[in-house]
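Novice: Below are the structure tokens for one structure; questions will follow.
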Amino acid sequence: MTRELQGNWRLRRLRRTAGLRRLVREHELDAGDFVYPLFVQAGSGINAPIDAMPGQFRYSVDRLPEEIAEIAGLGIPAVLLFGLPESKDETGSGALDDGGVVQDAIRSIRSAAPDLVVITDVCLCEYTSHGHCGIIRGGDVDNDSTLPLLADMAVSHARAGADIVAPSAMMDGQVHAIRCGLDAAGFAQTPIMAYSAKFASAFYGPFREAADSAPQFGNRRGYQMDSPNVREALREIAADVAQGADLVMVKPGLPYLDVVRAAREATDLPLAVYNVSGEYSMVKAAAERGWVDERALTLELLTAFKRAGADIVITYHAKEAARWLTGS
Ligand code: PBG
């Protein structure tokens, strides 16, 4: 009897109709899980397409409300802000300016869409003349002298109204420094989304054009993670959790789905994955050539993040995917 049943496995029974497939589906994409990254640039009247990221733009603050209305209208709950300041210097001082481009953008979004969750990237690379994520001392990125700047930057964002701050500089102790800074400034309620397992990756190429943040000498391999390491990623996550992170992240996404899975099993915190610029632009490039079905391919890869264990997906495809999911 048993043997007979084993021979009769019919896994196709539950694939027969769309209704059956839907009923037994293990993971479902939802626009409510998306975070849409936005580049805001100092100046006015700017709505500049980013060459290396078709469909993405840099906006000046005055041009944001329209974009924000569209994002909120699509049911996307959150944006992640990156700033392109007026000018850069050795210490990235523009990042700490209460009247800086990201701070202005936060206030503008707050009034345009009060319910939209505003997350800010906390890192100096867009603000330093050398393009590194921290202060340079003796030819190297100095960890400990960078920490107070990151803390002040996070406080400045919180003061402008940011809902979540997201440190991405990969300095040791940055979550602790930011937590202490926020608490001391009266922002004990501001959560930290830690870019915990952030790998040194060639997939950031298009972003560095978008954010004008490429290092002017050397590279980021001395602070971002080495791509072969998964156990080390779990140590990064453990360190951030111990320092008070409220959410953790794995970045990039697609080439690191194994890390997403390992992270899922290692922590009960909300887990975000960043579907980075290079992943997005590869899809766009192939789609432009007619080599892939962009819609099907994108929904498939975004679903892979959920299957791997992510709760939150940060993606430049958020607006299109939200439309595809609702059929609008
Ligand atoms: C800032 C930062 C980077 C990205 C997010 N935050 C670039 C980098 O570390 O070089 C990359 C995002 C993307 O590629 O979409 N440190």
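The values are calculated or read from the model by the stated rules, or taken from the named source; none is laboratory data. If you're wondering where the values come from, they're calculated on a predicted model, not measured in any experiment. Positions of Cβ are backbone-derived with ideal geometry, glycine not excepted, and every protein chain shown enters the neighbour counts. Each accessible area value is taken on the protein alone, full model and side chains, heavy atoms only, with ligands, DNA and RNA left out. Shrake-Rupley method; radii C 1.70, N 1.55, O 1.52, S 1.80 Å.
Novice: If you scan the range 301-328, which residues turn out to be part of a loop (DSSP other than H, G, I, E, B) and open to solvent by less than 20 Å² (accessible area, probe 1.4 Å)? Don't jump to the end; show me each part of the working.
Specialist: Taking the range 301-328 and keeping what is part of a loop (DSSP other than H, G, I, E, B), we get 309-311, 316-317, 327-328.
Answer for the range 301-328, where residues must be part of a loop (DSSP other than H, G, I, E, B) and open to solvent by less than 20 Å² (accessible area, probe 1.4 Å): 309, 310, 316, 317.
Novice: Kindly indicate whether residue 242 is away from the ligand (no atom under 13 Å from the Cβ) and part of a helix (DSSP H, G or I).
Specialist: Yes; evaluated as a whole, the condition is true for this residue.
Novice: Does any residue of the range 56-73 turn out to be in a strand (DSSP E or B), open to solvent by less than 40 Å² (accessible area, probe 1.4 Å), touching a helix residue (DSSP H, G or I) at 6+ places or on another chain (Cβ under 7 Å) and within 24 Å of residue 270 (Cβ to Cβ)?
Specialist: Within the range 56-73 (the criterion being in a strand (DSSP E or B), open to solvent by less than 40 Å² (accessible area, probe 1.4 Å), touching a helix residue (DSSP H, G or I) at 6+ places or on another chain (Cβ under 7 Å) and within 24 Å of residue 270 (Cβ to Cβ)), the answer is no, since none of the residues qualifies.
Novice: Do you know which of the residues in the range 261-276 that are in contact with a Gly (Cβ under 7 Å, 6 or more places away or on another chain) and closer than 26 Å to residue 56 by Cα is farthest from the ligand (Cβ to nearest atom)?
Specialist: Result: 271.
Novice: Sticking with this one: With a cut-off of at least 3 residues that are within 12 Å of the ligand (Cβ to nearest atom), name the strands (runs of 3 or more DSSP E) lying wholly within the range 90-154. Walk me through it before giving the result.
Specialist: Numbers: elements: 117-122, 135-137, 140-142.
Of the strands (runs of 3 or more DSSP E) lying wholly inside the range 90-154, those with at least 3 residues that are within 12 Å of the ligand (Cβ to nearest atom) span 117-122.
Novice: Suppose we keep only residues that are among the acidic types (Asp, Glu) and surrounded by fewer than 20 Cβ atoms within 10 Å (Cβ to Cβ) within the range 223-239. Which one would you say is farthest from the ligand (Cβ to nearest atom)?
Specialist: The qualifying residue farthest from the ligand (Cβ to nearest atom) is 232.
Novice: Please find, within the range 22-49, the residue that is modelled with the lowest pLDDT out of those that are open to solvent by 10 Å² or more (accessible area, probe 1.4 Å) and either under 17 Å from residue 213 (Cβ atoms) or of a type in the set (Asp, Glu) (or both).
Specialist: For the range 22-49, the residue satisfying everything is 28.
Novice: Any idea which residue in the range 243-260 is least open to solvent (accessible area, probe 1.4 Å), counting only those that are over 29 Å from residue 190 (Cβ atoms) and not hydrophobic (A, V, I, L, M, F, W, C)?
Specialist: Among those that are over 29 Å from residue 190 (Cβ atoms) and not hydrophobic (A, V, I, L, M, F, W, C), it is 255.
Novice: Among the residues of the range 125-162, which ones are in contact (Cβ under 8 Å) with a residue 24 or more places away in the chain and surrounded by fewer than 21 Cβ atoms within 10 Å (Cβ to Cβ)? Full working, then the answer.
Specialist: Initial filter on the range 125-162 (in contact (Cβ under 8 Å) with a residue 24 or more places away in the chain): 125-136, 140-141, 143-144, 146-162.
Scanning the range 125-162 gives 129, 130, 136, 140, 143, 144, 148, 152, 159, 161.
Novice: Taking residue 99, is it buried (at least 18 other Cβ atoms within 10 Å of the Cβ) and either closer than 24 Å to residue 152 by Cα or without any contact (Cβ under 8 Å) to a residue 12 or more places away in the chain (or both)?
Specialist: So residue 99 does not fit the description; no.
Novice: Could you look through the range 175-189, keep only residues that are in contact (Cβ under 8 Å) with a residue 40 or more places away in the chain and in contact with a helix residue (DSSP H, G or I) (Cβ under 6 Å, 6 or more places away or on another chain), and pick out the one that is farthest from the ligand (Cβ to nearest atom)?
Specialist: If we take residues in the range 175-189 being in contact (Cβ under 8 Å) with a residue 40 or more places away in the chain and in contact with a helix residue (DSSP H, G or I) (Cβ under 6 Å, 6 or more places away or on another chain), then 176 is farthest from the ligand (Cβ to nearest atom).
Novice: Still on this model: So which residues in the range 277-300 are surrounded by 15 or more Cβ atoms within 10 Å (Cβ to Cβ), away from the ligand (no atom under 16 Å from the Cβ) and in contact (Cβ under 8 Å) with a residue 40 or more places away in the chain?
Specialist: 299 - this is the single residue of the range 277-300 that is surrounded by 15 or more Cβ atoms within 10 Å (Cβ to Cβ), away from the ligand (no atom under 16 Å from the Cβ) and in contact (Cβ under 8 Å) with a residue 40 or more places away in the chain.
Novice: Considering only residues that are in contact with a helix residue (DSSP H, G or I) (Cβ under 7 Å, 6 or more places away or on another chain) and part of a strand (DSSP E or B), look in the range 75-89 and name the one that is nearest to the ligand (Cβ to nearest atom).
Specialist: Here the answer is 82.
Novice: Which one of these is under 15 Å from residue 123 (Cα atoms), within 13 Å of the ligand (Cβ to nearest atom), outside any loop (DSSP other than H, G, I, E, B) and at pLDDT below 95: 220, 208? Full working, then the answer.
Specialist: Working: 220 fails: outside any loop (DSSP other than H, G, I, E, B).
Of 220, 208, the one residue that is under 15 Å from residue 123 (Cα atoms), within 13 Å of the ligand (Cβ to nearest atom), outside any loop (DSSP other than H, G, I, E, B) and at pLDDT below 95 is 208.
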